[in-house]
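Report on the structure given below.
The values are calculated or read from the model by the stated rules, or taken from the named source; none is laboratory data. The shown structure was predicted, so the numbers you read here are calculated from the model rather than taken from an experiment. Counting neighbours? That spans all protein chains shown, and the Cβs are built from the backbone with ideal geometry, glycine included.
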Amino acid sequence: MRAKNIFIILFSLLLTLSCGEDNPPPEPEIIWSLQTGNNWTYVDSLFIRDSVKVDTVFCEIDSIGNIDYNGELIPVSFLREEIINDKIQTDSLIKYLYRNEDDGLYSYGKIIESVDTTYSYISRNLKFKFPVNIGDKWECNSDTMECISKDMDFLTPNGSFKCYVYKTNDIYYYCVPYVGIVGIIQENRSYEVVYKRLLIYFNIGEL
C-alpha cells in the first residue's frame, strides 16, 4: 500500500512538471506600444570633452494615419519628439513614423512640418526585430542591427528594467516589451560614453 502511495505521488509530480513545460509564459506580442496618447519622457546627456549638455525630451504618439508607401496606403503611428527645456522655438516639427508588424517594429521615415510646407522622407526599415533571439542580425538603414541580450538589467531614473538589448555600430538600445525604449547609450571608439538617453517617466494605455 505504501509503495502504491509513493507511485501516485511521483506520478502526480511528473504530471505537474510536464504541464509546466507545455504551458510556458506567453511571449510578449510587441516591443513598443504605439497607441495614440502614449508618451515617454527622457533625460538626454551629451558628453562633450569635459562638459555635459543635458536636455529633457518629451515623446508622444500624437496620431495614427495613412502614408503612401510604394503606391499602397499604410497605417503608421506619428511620434512627435521635442526638447521641453529648450527656450529656442523652431518653425518646424519633426514626426517619426513607426509601425508594429509581424516580425517587429518598423521605421517608415519621418515628416518635417513647417509653416509653409511639409517634407516627407519615407523609407521602410526593420528597427527592432521582435520576437527575436540573441545573435539575430538584420539590416537597418544600411547598418547591421543585432540582438545581444533578452534579459539585461538596466537602471534608469524610473527604476530598473529587464531589457532586450539591440546594438548597431556603437549604439545600444535598451527596450522593454510594450514600454519601448527605456535607454540608449552611444560609445566612441575608446568605449567611452558620449551620449545617453534614460527614461524618467512613461504613460501608455491599456494593452
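Here are a few things to note about the model shown:
- Cβ-Cβ under 6 Å pairs, at least 6 apart or on other chains, segment 93-107 side assigned to a strand (DSSP E or B), far side acidic (Asp, Glu): Leu93/Glu113
- Boolean, Tyr121 is among the aromatic types (Phe, Trp, Tyr), touching a Gly at 6+ places or on another chain (Cβ under 6 Å) and within 25 Å of Ile171 (Cα to Cα): yes
- Cys147, sole failed condition from (1) farther than 24 Å from Arg189 by Cα; (2) hydrophobic (A, V, I, L, M, F, W, C); (3) free of Cβ contacts under 8 Å to residues at least 24 places away in the same chain: (1)
- If you filter segment 192-207 down to residues that are more than 21 Å from Lys53 (Cβ to Cβ) and assigned to a loop (DSSP other than H, G, I, E, B), you find that the one that is modelled with the lowest pLDDT is Leu207.
- Filter pass, Val132 being hydrophobic (A, V, I, L, M, F, W, C), without any contact (Cβ under 8 Å) to a residue 60 or more places away in the chain and assigned to a loop (DSSP other than H, G, I, E, B): yes
- Flag for Phe78 being over 16 Å from Leu97 (Cα atoms) and not small (Gly, Ala, Ser): no
- Some residue of segment 150-171 being charged (D, E, K, R) and crowded, with 18+ Cβ neighbours inside 10 Å: no
- Whichever residue in segment 109-138 is acidic (Asp, Glu) and surrounded by 11 or more Cβ atoms within 10 Å (Cβ to Cβ) and, among such residues, is nearest to Ile30 (Cα to Cα): Asp136
- Filter result for Tyr173 (among the aromatic types (Phe, Trp, Tyr), in contact (Cβ under 8 Å) with a residue 40 or more places away in the chain, farther than 17 Å from Trp32 by Cα and part of a strand (DSSP E or B)): no
- Taken as a whole, segment 28-50 holds at least one residue that is modelled with pLDDT of 95 or more, more than 21 Å from the chain's Cα centre (by Cα) and either of a type in the set (Gly, Ala, Ser) or over 23 Å from Asp116 (Cβ atoms) (or both).
- Odd one out for Tyr174, checked against (1) closer than 23 Å to Phe47 by Cβ; (2) surrounded by fewer than 13 Cβ atoms within 10 Å (Cβ to Cβ); (3) at pLDDT 95 or above: (2)
- In the condition set (1) surrounded by 16 or more Cβ atoms within 10 Å (Cβ to Cβ); (2) part of a strand (DSSP E or B); (3) of a type in the set (A, V, I, L, M), Leu34 is compliant with all but (2).
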